[in-house]
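Taken together, the values in this text are just the output of simple stated rules run on the coordinates, not laboratory data. Treat the numbers as computed from the prediction; the structure is a model and nothing was measured. When we count neighbours, we look across all protein chains shown, and the Cβ atoms used for this are built from the backbone with ideal geometry, even at glycine.
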Amino acid sequence: MKFLSPKDFVFFLRRTSTLDRVVIAGLVLFALLRLTDVFERSLSLSFFFGLLGLGAFVYLCVRLSLWLRARLLWSLRNRLIVAYIFIAVVPMILMLTMMGIGLYLLYPQIGAHLLRDGLQDRVNIITGDAESIASAVAQEVRPGQSSIDQSLLSAPAVVSLINAAKTEWPGLRVFLHRARLVNTATHGQFAGLVEYRGQLLFASEQERESASGPVVVLVGAPITPAILDGLTTELGPIRFTLLKPADQGSKGIPLTIGGHSYVPGEQIVSNGRVLPRAASWLDIPIGGAATFEAYHSETDPNKAASSAPSMMPVLATFSLRPSTLSRSLFSSVGAVGPILVDIVIVVAVIFLLLEIGALGTGIVLTRTITRSVGDLYDATLHVARGDFAHRVRVTQSDQLGALGESFNEMTSSITNLIEEQRQRQRLEHEVAIASEVQQLLFPKSLPSLPGLELAAICRPARVVSGDYYDFIRLNPSSIAIALADISGKGIFAALLMASLQAALRSTATLDGAGDTARLVSRLNTHLFKNTSDDRYATLFYATYDSETRTLTYTNAGHLPPFFVTDGCLQQLDHGGTVVGLFENPTYEQVKLQVAPGTILVAFSDGVTEPENVFGEEFGVQRLKDEVLRNRNMSAQCLAERIIATAQQWAGTAEQADDMTIVVARMG
């Protein structure tokens, strides 16, 4: 095995950049400091160089990946090997890293929980002392006593309790029947942290009923380094920092907590707590932090309250060793703890062996894969040159062999697919042209007569429509209104619609404002002779004369339009059968007198047949109700309202049939 000589190392450094050399030097320095006890003596130095080491490691990983990409990954075989590494090895590394990060974040949480429990134990102790003192003071109050003051604290029974509490709480102070330091809705009881004039206290406020009324006793003891030394043993040094509101001129880095800015104030630091020695190189020191709420008040307990107390945060920082905390956690399960550790080690070894086996299997399969991929690559070059007759050699019966057969089938059908695509594009182009031509068949502008307001909307279900509407000017005082529904859909229906439009316009122009039944009969003869036996159309044709205010119509099998006068609705259903299906049917016409404000609403079956999610059609009755409810709208607004209501009933933008509606406000 050839080792890297000093000459080779110097040559390697010459080919690196200045930043590469700085990173390598930083990693070497981090390794040297890690092997010494410098990190054990300084947590801040450990954190600083840890960040530098992490940044250098990430930088080297990026540089190494670029080098591998340029030097090793040009071959497909090497790429597959790297892919297997990412599939088999990298997920395991990421999982272990995630576990490590999770534990790194979990330990401070556990430490904060232990610290909070220790503080709560202290709060419970001072609460018990406050309850005893408050009960003793209440017993000293005599019935009818006019004043309750500090003199009650001089009673022998009370003094003995206070002296007993001071053995646990040096600096303990007791206040009697004054303004509440903490005004909380706790039914006469409070226990927690209190910040008073820059000093952090354990405080408990108790209220008792006496012979002369309620008695309030406040017991407080300052938090000292000695008290911090007596908290939970699993943690290292502990520091409490009082945070005060940041104002102009405040010193220190501001911290934002709960939307408010604070700066560090007075600190309380433990004296006798030390961080245990590391159990292994993985047993790195971990820093943690937590915030506690303390009631802040400037009120003197011996004076009346001047302001309501507020909440002030207290920042607690600490350090710990994972090994110490883990021993404490495993000790809770007794003799089962070592067994759990052994199980974790065995599972980790099994996973490692499986990862190695998966990597070896991937490398063995790489040769087969690269050969098949190479054949496919050569075949794609032939296809790129237009040689669709080239075939891939298939020597395997696995999925790669099936892929080769699929490639051969693909090349044999590419020519057919190209031809089909050309035909489809040509057909789509023709349909687009047909749609443009059909739009020209509809009226470009609506004719106008005195006392007549027209509106029409056609929403095709496909690109082209089988519905047809038209307005034809017959003479200066007459206009024809037509609405037809061609049987079927698509291109053929559109062609039949064009034929019907041409015949209707030519016949109406020659006939003028004559007999509507005769005009419909002529259209029937035209369609019967020029279409197949299964093709027909429903048609409603009417003429309106503005001078005589009459409407003459013939309904040839179409859905009866609505004729609304003075809130009364009748259906125009007289006329005859559909046009184009029978040779000589009989048609009749009906003439109606038009009153001022009369509305004619003609529609196709696409308006009444939309179904909701329950399969229920919109129906003629709902359409009647909608017309009567909105009969005072303008013709255009009424048409748009009816279409929108029908579409809303269906609940989907997809139409099953063409939707066409014609509205005429007459009189």
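Rounded to the nearest 20, the Cβ-based charge dipole of region 621-667 about its Cα centre (Lys and Arg +1, Asp and Glu -1) stands at 360 debye. Here's the picture: charge each Lys and Arg Cβ at +1 and each Asp and Glu Cβ at -1 in the chain, and of Leu66, Thr411, Leu365 the one pushed furthest to the positive end of that dipole is Leu66.
Couplings 3J(HN,Hα) for region 390-397, derived from phi with the Karplus relation 6.51 cos²θ - 1.76 cosθ + 1.60 (θ = phi - 60°), are 6, 10, 7, 6, 10, 10, 10, 10 Hz, where x marks Gly and Pro.
Inter-part distance, region 561-583 to region 401-430, computed on C-alpha centroids, equals 52 Å. Here the calculated FRET efficiency for Glu293 and Thr167, from their Cβ-Cβ distance with R0 = 30 Å, stands at 0.55, rounded to the nearest 0.05.
The aspartates and glutamates whose alpha-carbon is closer than 16 Å to the alpha-carbon of Lys244, local same-chain residues fewer than 8 away aside, are Glu195, Glu266, Glu293, Glu298.
Which order do the peptides 222-231, 610-619 take when ranked by the mean count of other beta-carbon atoms within 10 Å per residue, highest first? Walk me through the numbers on the way to the answer.
Values: 222-231: 17.1, 610-619: 13.1.
Highest mean packing first, the order is 222-231, 610-619.
By the count of other C-beta atoms within 10 Å, a proxy for reagent exposure, Trp281, Trp169 are ordered fewest to most as Trp281, Trp169.
Could you sort 532-543, 412-423 so that the peptide with the highest average Cβ count within 10 Å comes first and the rest follow in order? List each step's numbers first, then the result.
Numbers: 532-543: 21.4, 412-423: 10.6.
Ranking the peptides 532-543, 412-423 by packing returns 532-543, 412-423.
Please work out the C-alpha center-to-center distance from region 18-33 to region 313-372 and express it in whole Å. For region 18-33 versus region 313-372, the Cα centre distance is 29 Å.
Straight-line reach from Lys529: which aspartates and glutamates fall under 13 Å, measuring Cα to Cα and dropping same-chain residues less than 8 apart? Cα-Cα hits under 13 Å: Glu583. Using the Cβ-Cβ distance between Glu617 and Glu654 with R0 set to 25 Å, the FRET efficiency works out to roughly 0.95. Going from the residue with the fewest nearby Cβ atoms within 10 Å to the one with the most, Met92, Met666, Met99 rank Met99, Met92, Met666.
Can you tell me the dipole magnitude for the chain around its Cα centre, using point charges on the Cβ only (Lys, Arg +1; Asp, Glu -1), in Debye to the nearest 20?
3060
Ordering Ala656, Val594, Asn555 by the projection of their Cα atoms onto the charge dipole of region 442-666, which places +1 on the Cβ of Lys and Arg and -1 on the Cβ of Asp and Glu, puts Val594 at the extreme positive end.
Taken about its Cα centre, region 518-667 carries a charge dipole of roughly 660 debye when the Cβ of each Lys and Arg holds +1 and the Cβ of each Asp and Glu holds -1. Here Glu588 and Ala502 are evaluated by their C-beta separation; at R0 = 30 Å the FRET efficiency comes out at 0.75. A simple spin-label model places pseudo-atoms 7 Å from Cα toward Cβ; at Thr395 and Asp121 they are separated by 7.5 nm.
Report note on the peptides 475-487, 569-581, 113-125: ranked by the mean count of other C-beta atoms within 10 Å, highest first, their order is 475-487, 569-581, 113-125. Which one of Ala402, Val341, Leu449 has its Cα pushed farthest toward the positive end of the charge dipole of the chain, where Lys and Arg give +1 and Asp and Glu give -1 at the Cβ? Farthest towards the positive end: Val341.
Between 0 and 90 degrees, rounded to the nearest ten: what's the tilt of helix 76-88 against the longest Cα principal axis of the chain? Computed tilt is about 60 degrees. Close amide-amide hydrogen proximity is noted between Val89 and no other residue 5 or more places distant or on a separate chain, at a cut-off under 5 Å (H modeled in the peptide plane; Pro and chain starts excluded).
Under 5 Å from the amide H of Leu200 lie the amide H atoms of Ile223, each residue being 5 or more positions distant or on a separate chain, with H modelled from the backbone and absent for Pro and chain starts. Going by neighbour counts of Cβ atoms within 10 Å, the residues Thr552, Thr18 line up, fewest first, as Thr18, Thr552.
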